[in-house]
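The values are calculated or read from the model by the stated rules, or taken from the named source; none is laboratory data. Keep in mind the model is a prediction, meaning the values are calculated, not measured. Every residue, glycine as well, gets a Cβ built from its backbone with ideal geometry; the counts of neighbours run over all protein chains shown. These accessible areas exclude ligands, DNA and RNA; they are computed on the full protein's heavy atoms, side chains included. Shrake-Rupley method; radii C 1.70, N 1.55, O 1.52, S 1.80 Å.
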Amino acid sequence: MAAASAVRAAGSRSRRFFDIFVAEIPWTVSSKELKEYFSQFGSVQRCQLPFDRGTGFHRRYCWIKFSTPEEVQNVLQKDSHILEGSKLTLKQQIHRRRSQRKNQSE
């Protein structure tokens, strides 16, 4: 049991990703197009574009996961990101462990 948890912990450390929150995405842009656009700055591991079940449209924001912090900095160094004539709003996400979140809320 302890060996399995040690393997899981080692695996999670090797899979660290660094996120960017992207807002103001045009309705016509897909997750595939977002991934292609952001891949010019580094290796995009995942693009999570949530959809509204009621309307069927995406919610005009997403999270992009990169494999290194340097790739995140590459994206943030560019002054503006424009897709289909719309300027995207980017914000770097700060990763916190659950124990840190709990301590801050108390």
> Looking only at the stretch 57-69, which residues are open to solvent by 50 Å² or more (accessible area, probe 1.4 Å) and more than 16 Å from Leu90 (Cα to Cα)?
Replying inline: Phe57
> Just one of the numbered conditions (1) at pLDDT 95 or above; (2) over 19 Å from Gly85 (Cβ atoms); (3) surrounded by fewer than 16 Cβ atoms within 10 Å (Cβ to Cβ) is not true of Ala23; which one?
Replying inline: (2)
> What are the residues in the stretch 28-58 that are touching a Phe, Trp or Tyr at 6+ places or on another chain (Cβ under 7 Å) and part of a loop (DSSP other than H, G, I, E, B), if any?
Replying inline: Gly42, Ser43, Phe57
